[in-house]
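Below is one structure; the comments refer to it alone.
Derivation of every value follows stated rules applied to the coordinates shown; laboratory data play no part. Treat the numbers as computed from the prediction; the structure is a model and nothing was measured. Here the Cβ is made from the backbone with ideal geometry for all residues, glycine too, and neighbour counts use every protein chain on show.
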Amino acid sequence: AQSVSQHNHHVILSEAASLELGCNYSYGGTVNLFWYVQYPGQHLQLLLKYFSGDPLVKGIKGFEAEFIKSKFSFNLRKPSVQWSDTAEYFCAVSSGGSNYKLTFGKGTLLTVNP
Amino acid sequence: NAGVTQTPKFRVLKTGQSMTLLCAQDMNHEYMYWYRQDPGMGLRLIHYSVGEGTTAKGEVPDGYNVSRLKKQNFLLGLESAAPSQTSVYFCASSPRGYNEQFFGPGTRLTVL
C-alpha cells in the first residue's frame with residue numbers, strides 16, 4: 001500500500017524566512033501529487049498539484065513544489081513566508097494502484113512569528 | 001456554486017446515541033469521501049463512494065455506515081456513538097478518483 005511521509009511535525013519560522021517542507025511517498029509507479037493547506041479552523045484547500053510535465057509546479061500564494069522522481073519526493077517551498085502562512089500543510093498522493101483515493105501525510109504545522 | 005456543504009457544523013452526543021452527518025455537493029462529482037481528522041493523525045479515510053448507489057470501506061470504517069442514494073449527497077451515520085469517535089469530520093468530492101478533492105467545512109463532533 002502506498003504511504004506518504006512528512007518529516008517535520010512542527011516548523012517554526014520568522015517572517016521573511018524561507019520554507020521547505022518535506023514529503024516522500026512510497027509508490028513506485030505513476031503518481032499524482034498534491035499539497036493542501038488548512039488554515040486555523042478552516043477546511044483543506046488545494047495549494048498545488050502535479051500530474052505530469054514540468055516537475056517544478058507553482059501554486060497559489062507564492063508556493064511551489066518540486067517533484068523528484070528518483071527520490072520519491074515532492075517538497076513544498078516558499079522563498080519568504082508571511083504570518084498569514086501559519087497553517088497546517090498536508091501532502092497527498094494518488095497512484096495507479098489505488099486511483100480512487102488520495103493518501104494523505106500526517107501534516108506539518110507551520111507557525112510563522114511576526 | 002456552494003461547492004461542498006456539511007450539516008451540522010457542530011454536535012455533541014452522549015455515548016450510545018446515533019446521528020447522521022450530511023454532505024452535499026453541487027459540482028456533479030462522481031466520487032465522494034468521508035474523513036476524520038484527529039491531532040497528529042492527519043486525515044483518515046472512513047468510507048468513500050465512486051458513484052451513486054455505491055459505497056466502500058476506507059482505512060477506519062468501524063462504527064460508521066454510509067449511504068449514497070443520490071449523486072449529490074453522501075451520508076455518514078453513527079449508530080451508537082463512542083467517545084473514540086470524537087473528531088472533526090470532513091467530506092470531500094472529486095470528479096475522478098485520482099484528481100484533486102474539494103473539501104467541505106467540517107463537522108466537529110464531541111461524544112461524551
(message) Please list, in order, the residues from region B:11-51 whose amide nitrogen is less than 18 Å from a point placed 7 Å along the Cα→Cβ vector of B:Q72.
(response) B:22-33, B:51
(request) Note the full-extension length gain between B:M19 and B:S80 as 0.36 nm times their separation in residues minus their Cα-Cα distance, in nm to one decimal. (result) 21.1 nm
(request) Pick out which of A:N75, A:N24, A:N32 has the largest mean-square fluctuation in a Gaussian network model of chain A, springs linking Cα atoms closer than 10 Å. (result) A:N32
(request) Return the distance in nm (one decimal) between the two label points of a simple spin-label model at A:L109 and A:I12, each offset 7 Å from Cα along Cα→Cβ. (result) 1.1
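What net charge do the residues around B:S49 carry, taking every other residue with its C-beta under 10 Å from that of B:S49, with Lys and Arg at +1 and Asp and Glu at -1?
Overall, the nearby charge balance is 0.
Mind checking region A:1-85 for GluC sites (Glu not before Pro) that DSSP puts in a loop (not H, G, I, E or B) and that have at most 15 other Cβ atoms within 10 Å? Could you put the intermediate results ahead of the total?
On the way: sites: A:E15, A:E20, A:E64, A:E66; in loops: A:E15.
Qualifying residues, ordered by number: A:E15.
Between A:Q82 and A:T30, how high is the FRET efficiency from 1/(1 + (r/R0)^6) when r is the Cβ-Cβ distance and R₀ = 30 Å? Nearest 0.05. Numbers along the way, then the final one.
Details: r = 35 Å, r/R0 = 1.16.
So the FRET efficiency works out to roughly 0.30.
Taking every eigenvalue of the Cα gyration tensor of the protein assembly as shown, multiplying by 5 and rooting it, what semi-axes result, largest first, whole Å? Before the final figure, lay out each step's value.
Numbers: eigenvalues 176, 86, 47 Å².
With the √(5λ) rule applied to the protein assembly as shown, the semi-axes are 30, 21, 15 Å.
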(message) Set the bar at 32 Å for Cα to Cα. Now go through A:K49/B:K14; A:K78/B:K71; B:K9/B:K57; A:K49/B:K9 and name every pair that lies beyond it.
(response) A:K49/B:K14; A:K78/B:K71
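Answer rounded, prolate or oblate for chain B, using the Cα gyration tensor with square roots of eigenvalues a ≥ b ≥ c: rounded when a/c is under 1.5, else prolate when a/b is larger than b/c, else oblate.
prolate
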(message) Loop only by DSSP, 14 or fewer other Cβ within 10 Å of the Cβ. Give me the trypsin sites (Lys or Arg not before Pro) in region B:69-112 that pass, ordered by residue number.
(response) B:K70, B:R96
(request) Return the Cα extents of region A:25-71 along principal axes one, two and three, sorted largest first, each rounded to a whole Å. (result) 35, 22, 15
(message) Tell me the net charge near A:F63. Cut-off is 13 Å between Cβ atoms, A:F63 excluded, with +1 for each Lys or Arg and -1 for each Asp or Glu.
(response) +1
(message) Please check: in the Gaussian network model of chain A (C-alpha springs, under 10 Å), which one of A:G53, A:G22, A:G62 has the largest mean-square fluctuation.
(response) A:G53
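For a footprinting-style exposure proxy, rank A:W35, A:W83 by other Cβ within 10 Å, fewest first.
A:W83, A:W35
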(request) Rounded to the nearest Å, what's the spacing between the alpha carbon centres of region B:1-64 and region A:19-73? Just the number, please. (result) 24
(message) Is there a quick way to get the dipole size of region B:31-90? I mean about its Cα centre, with the Cβ of Lys and Arg at +1 and of Asp and Glu at -1; what is the value in debye to the nearest 20?
(response) 220
(request) From other protein chains only, count the Cβ atoms within 10 Å of every residue's Cβ in B:43-49, then give the mean. (result) 3
